[in-house]
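Encoded as structure tokens, the structure appears first; notes follow it.
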Amino acid sequence: MTKVKTSLGRRSFIKSVSLAGGGLIIGFNWLACKGPAEEGSEELAMQMPDEWFELNGYLKIGDNGIVTIYSPNPEIGQNVKTSMPMIVAEELDVDWNNVVVEQAPLNTEIFTRQLAGGSQSIRQGWQSLRTAGATARQMLLTAAANQWEVPVSELSVENGVIKHQGTDKTIGYGEIAKAAVNVEIPEEVELKNIDNFKIIGTSRKNVDAKKIVTGQPLFGIDTYKEGMLIAMIVQPPAFGMEFKTMDAEKAKGMPGIKDVFTIDTYPEDMEKEWSDVAAFSKLVVVVGESTWQVMQAKKEVKVEWDLSPELTKQIEILEKSAGMDGVSGLESTSIHASLMADVGSKKSEIVRRDGNPEKAFKNAARVIERSYTCPFLSHNCMEPMNFFADVSGDKAELLGPIQTPEYAELSVNKRLGFDLENIDIQMTRMGGGFGRRLYGHFLVEAAVISQKMGTPIKLVYSREDDMTNGVYRPAYHVTYRAALDGNNKLTAFHVNAGGIPESPLFANRFPAGAIDNYLAESWSMESNISTGAFRAPRSNFIAGAEQSFLDELSEEMDQDPIQFRLDLLDRAASNPVGEENDYDAARYAGVLKLARDKSGWDNTTGLSRGVAAYYCHNSYVAQILDLSVKNNQPLVDKVTCAVDCGIVVNPDAAKNMVEGGTIDGIGHALYSEMTFKDGVPQQSNFDTYRLIRHKEAPKTIDVYFIENGIDPTGLGEPPFPPIQGALANALYKATGKRFYDQPFISHMQDDLKT
Amino acid sequence: MAEFSITINGKNLSVDVDPTTPLLWVLRDHLKLVGTKYGCGIAQCGACTVHFNGTAVRSCQLPISAAADNKITTIEGLSENGDHPVQKAWLEHDVPQCGYCQAGQIMSASALLERNPNPSDKDIENAMSGNICRCGTYTRIKAAIKTASDSQIA
């Protein structure tokens, strides 16, 4: 057992809040939780209790032993609403069948980091969640010991029943909870030895699954409240344009339409949060009784748009510096491509330099150089952006899908000037996030619209609004160079990476640390187009590019691609170059070896298969992909995934996440792109924006986890980046052609294009 | 606006809406049956799939004027207690991630099994490729359909 302080005091870890009912709430720093299960759970074996005892902020115990565990963080499909309460339940020592999970509201008094992002929920929540359960357990034990007048050390617990060793007396948590409420919060509690886990490491079903498969209201867009109106927006047709004037007379006269007006979501003098990313601040808003009526009226609003002067400036400078003709604030993908290829690398800055790479390249017998690119991507959450707002007087009630409720609350505070305690944000289950709902402009828009209308409204983006008003994955470009000596030995490695508007470089990741002469350079360019985090930011491109280059390099060096990587990792482990290497070479090699063994790599004949491995978000993933190409269409037969994310809390759900991340990664690398012409997004719905579909998914995905007992790390993002490299490498085996530019389908033979 | 009568999940209902209003929005906005989801509005994603006289259709493309006087089943009416073989198989395989597309997936899958109780992999792929799952649960969807098929045949 491990003893932990219930907080370096309890000031930073536990806050006591008196309840009206005389109970006690302990607010644990569930650092990155994401969600609970709900009342009505099928697994709930017992009836609802008559009385609840709120033992601490994250759990309450009913007089019949039912336990409600609150999950403070947003659920976007990563299944933390199930796995985080599992961790509490483990240390609390209750029967999972008697646990009900509920979504906590935003409450910064009790919870911290109520955020879904960076694959950090389980990793950052691990210790706090365990401590939350263990603290409550200890309070219950103390209460029982007091009642029986025996030492706590003589008591044991199993499935929520406390037993005294000497007398065999038992008492259920439900019976002692009332007394436990008055027990002083312990300064220090014992955590279980991981060998004694009964819930963690066993597969538990998604606590919302029954509601999902029966169509119950769960999502923000499912919100309907008394007196609520529907609001939709009309936005500029192009990035780099802004509202000038409108004629809304016809629209205003249409059936069910209440009003048409403009809003300025983020006035220039407003202090913005990092999450307040939005390309268009001034929007036309149409409000009406029903969605279809508002959709029809939107088409009848005649708007004139202007070139946005402040937005044009950056690109003018860029294009002048590029020596290109034509100055415009309306960007096009073709211009981006030439800027990235011709200009970007000339303004690079050195981020890391080991040894003497320049000399090694000068003396090289051979230099291999390859460049890789990827386009902007739209998140395309299946549930379009939406939010419910009821703003009246000095109070705002907000409900809907948001990954960053804490920051959204601050944004509303600054935008409307309301006190934080008058801003209530409720989180709904999200129909996908992928980073898009980190940027809560739609929440602020909803609040502004509701205030202006004086009624509750639900703002709903159409699919087209959602896709063409994105906070896109940036476009990236990377060039790799490798120096080989006369013995075909690798002597230097050079990566030059950049993008619009950020660089994807991680200078201290593999193969940094494995090569004596190493140079990493970075550059970036400004853009009018709004961009932000997309599932595994930056890794989502550079992993695939790097792993494709290493594959080509191993071939040039006449080495097995896995052994080539393992040799480099061996060097990084035994005699690392530099001191700031961000990865554990042994764990990295571990997933490669596991994937190699499980896929039967060494006995491969006649298969077109590719391998890749990557480290990001504190976890390690290796993937081996088998495919065939028929009629220029790749058919992925099988993917073998080996994952090291430490302790796996909920194995089947974790497997689901790896399967999904793998399919998502294949889909985006093969099929998806967001392009622009004169600032206008060229894809606006799923007829033009291609997402992977059922028949294009791998036939089989095998997932294996390393078992090492290390504290758990992220899983939502890590499976996504490397698969793109495995895919490119397998495509090469099948076609004899290397794929450098995503989406790969565009570079299959022209007559094979779909 | 006009009055339409429609049978949804076995209940006879009437709504007073513009005749062009898609069934999707009648279900969601007017009848508060929100299990049927809006995803694209152009029949490309399948999130709004319902059964129209037993056949899977995209409710975003079906105006109320054409839906009226027909028998509609939505996810809420697929079974009395959420125990349709497809729903049970979905739970058994713990298919959903975010869950938003799954009602549409289930309605497409249940219509497939209705007309083809023992579908091949190819049959499943063809029937299910109109339903996008952004989370990528396709391999589980296929496995769940096979389980449901087995349970129905057995």
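The values are calculated or read from the model by the stated rules, or taken from the named source; none is laboratory data. Only a predicted model underlies this, so the values are computations on that prediction, with no experimental measurement involved. All Cβ positions, glycine included, derive from the backbone under ideal geometry; neighbour counts span all protein chains shown.
Do any residues in the stretch A:134-160 that are under 20 Å from A:E90 (Cα atoms) have Cβ atoms under 7 Å from those of residues that are among the hydroxyl-bearing types (S, T, Y), where the two are at least six apart or on different chains, and which pairs are they?
If the second residue must be among the hydroxyl-bearing types (S, T, Y), the pairs left are A:T135/A:T6; A:L140/A:Y173; A:V152/A:T142; A:G160/A:Y173.
Which of (1) among the β-branched types (V, I, T); (2) in a helix (DSSP H, G or I); (3) crowded, with 23+ Cβ neighbours inside 10 Å is the odd one out, the single condition A:I562 does not satisfy?
(3)
Residues are listed down the side, and each one gets a yes or a no for (1) small (G, A, S); (2) crowded, with 22+ Cβ neighbours inside 10 Å; (3) in a helix (DSSP H, G or I); (4) touching a Gly at 6+ places or on another chain (Cβ under 9 Å):
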site	(1), (2), (3), (4)
A:P504	no, yes, no, yes
A:G513	yes, yes, no, yes
A:E555	no, no, yes, no
A:D567	no, no, yes, no
A:A586	yes, no, yes, no
A:V591	no, yes, yes, no
A:D597	no, no, yes, no
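Among the residues in the stretch A:408-419, are any within 14 Å of chain B (Cβ to nearest Cβ) and in contact (Cβ under 8 Å) with a residue 24 or more places away in the chain?
no
I'm told B:S59 meets every condition in (1) in contact (Cβ under 8 Å) with a residue 24 or more places away in the chain; (2) within 24 Å of B:S5 (Cβ to Cβ); (3) surrounded by fewer than 24 Cβ atoms within 10 Å (Cβ to Cβ); (4) not assigned by TED's automatic domain parsing to the domain that holds B:A127 except one. Can you identify the failing condition by its number?
Unmet for B:S59, out of (1) in contact (Cβ under 8 Å) with a residue 24 or more places away in the chain; (2) within 24 Å of B:S5 (Cβ to Cβ); (3) surrounded by fewer than 24 Cβ atoms within 10 Å (Cβ to Cβ); (4) not assigned by TED's automatic domain parsing to the domain that holds B:A127: (3).
Check A:C641 against each of (1) in a loop (DSSP other than H, G, I, E, B); (2) in contact with a helix residue (DSSP H, G or I) (Cβ under 7 Å, 6 or more places away or on another chain) and name the one condition it does not meet.
(1)
Report yes if B:T74 is modelled with pLDDT of 95 or more, at the interface with chain A (Cβ under 8 Å from one of its Cβ atoms), under 26 Å from B:P117 (Cβ atoms) and in contact with a strand residue (DSSP E or B) (Cβ under 8 Å, 6 or more places away or on another chain), otherwise no.
Judged against the criteria, B:T74 is a match.
State the number of residues belonging to the stretch A:99-134 that are buried (at least 24 other Cβ atoms within 10 Å of the Cβ), out of contact with any strand residue (DSSP E or B) (no Cβ under 6 Å at 6 or more places or on another chain) and not β-branched (V, I, T).
9
Could you check the stretch B:105-135 and list, in sequence order, the residues that are of a type in the set (G, A, S), at the interface with chain A (Cβ under 9 Å from one of its Cβ atoms) and in a helix (DSSP H, G or I)?
Within the stretch B:105-135, B:A127 is the sole residue that qualifies.
Can you name every residue in the stretch A:265-321 that is crowded, with 20+ Cβ neighbours inside 10 Å, in a helix (DSSP H, G or I) and at pLDDT 95 or above?
Correct list: A:T291, A:W292, A:Q293, A:V294, A:Q296, A:A297, A:K298.
Determine which single condition A:K250 fails, assuming it passes every other condition in (1) surrounded by fewer than 16 Cβ atoms within 10 Å (Cβ to Cβ); (2) within 14 Å of chain B (Cβ to nearest Cβ); (3) assigned to a helix (DSSP H, G or I).
Checking A:K250 against (1) surrounded by fewer than 16 Cβ atoms within 10 Å (Cβ to Cβ); (2) within 14 Å of chain B (Cβ to nearest Cβ); (3) assigned to a helix (DSSP H, G or I), the one that fails is (2).
Here is a check on your reading of the model: is A:N632 more than 14 Å from every other protein chain (Cβ to nearest Cβ), out of contact with any Phe, Trp or Tyr (no Cβ under 9 Å at 6 or more places or on another chain) and more than 30 Å from A:W96 (Cβ to Cβ)?
yes
Return the residues of the stretch A:644-699 that are in a loop (DSSP other than H, G, I, E, B), under 17 Å from A:H379 (Cβ atoms), aliphatic (A, V, I, L, M) and more than 13 Å from chain B (Cβ to nearest Cβ); say none if nothing qualifies.
The answer is none; no residue qualifies.
If you check B:S79, B:S59, which single one turns out to be of a type in the set (S, T, N, Q) and more than 10 Å from chain A (Cβ to nearest Cβ)?
Step by step, each of B:S79, B:S59 is checked, and only B:S59 is of a type in the set (S, T, N, Q) and more than 10 Å from chain A (Cβ to nearest Cβ).
Tell me, which residue of the stretch B:55-71 that is in contact with a strand residue (DSSP E or B) (Cβ under 9 Å, 6 or more places away or on another chain) and among the polar types (S, T, N, Q) is farthest from B:W90 (Cα to Cα)?
Step by step, filter the stretch B:55-71, then rank; the result is B:S65.
Please find, among A:K699, A:K677, the residue that is surrounded by fewer than 24 Cβ atoms within 10 Å (Cβ to Cβ), of a type in the set (K, R) and more than 25 Å from A:M467 (Cα to Cα).
On inspection, the qualifying residue turns out to be A:K699.
Just checking, which of A:V636, A:V577, A:V629 is surrounded by 20 or more Cβ atoms within 10 Å (Cβ to Cβ), among the β-branched types (V, I, T) and either in contact (Cβ under 8 Å) with a residue 12 or more places away in the chain or more than 18 Å from A:Y480 (Cβ to Cβ) (or both)?
After ruling out the rest, the residue left standing is A:V636.
Go through (1) farther than 28 Å from A:C381 by Cβ; (2) within 11 Å of chain A (Cβ to nearest Cβ); (3) among the aliphatic types (A, V, I, L, M) one by one and return the number of the condition B:A68 breaks.
Here B:A68 clears every test but (2).
Say whether the condition of being within 10 Å of chain A (Cβ to nearest Cβ), over 21 Å from A:M382 (Cα atoms) and surrounded by 17 or more Cβ atoms within 10 Å (Cβ to Cβ) is met by at least one residue in the stretch B:35-50.
The answer is no; no qualifying residue exists.
Mind checking which residues of the stretch B:1-25 are within 10 Å of chain A (Cβ to nearest Cβ), over 28 Å from A:L691 (Cα atoms) and not in a strand (DSSP E or B)?
B:M1, B:D18, B:T20
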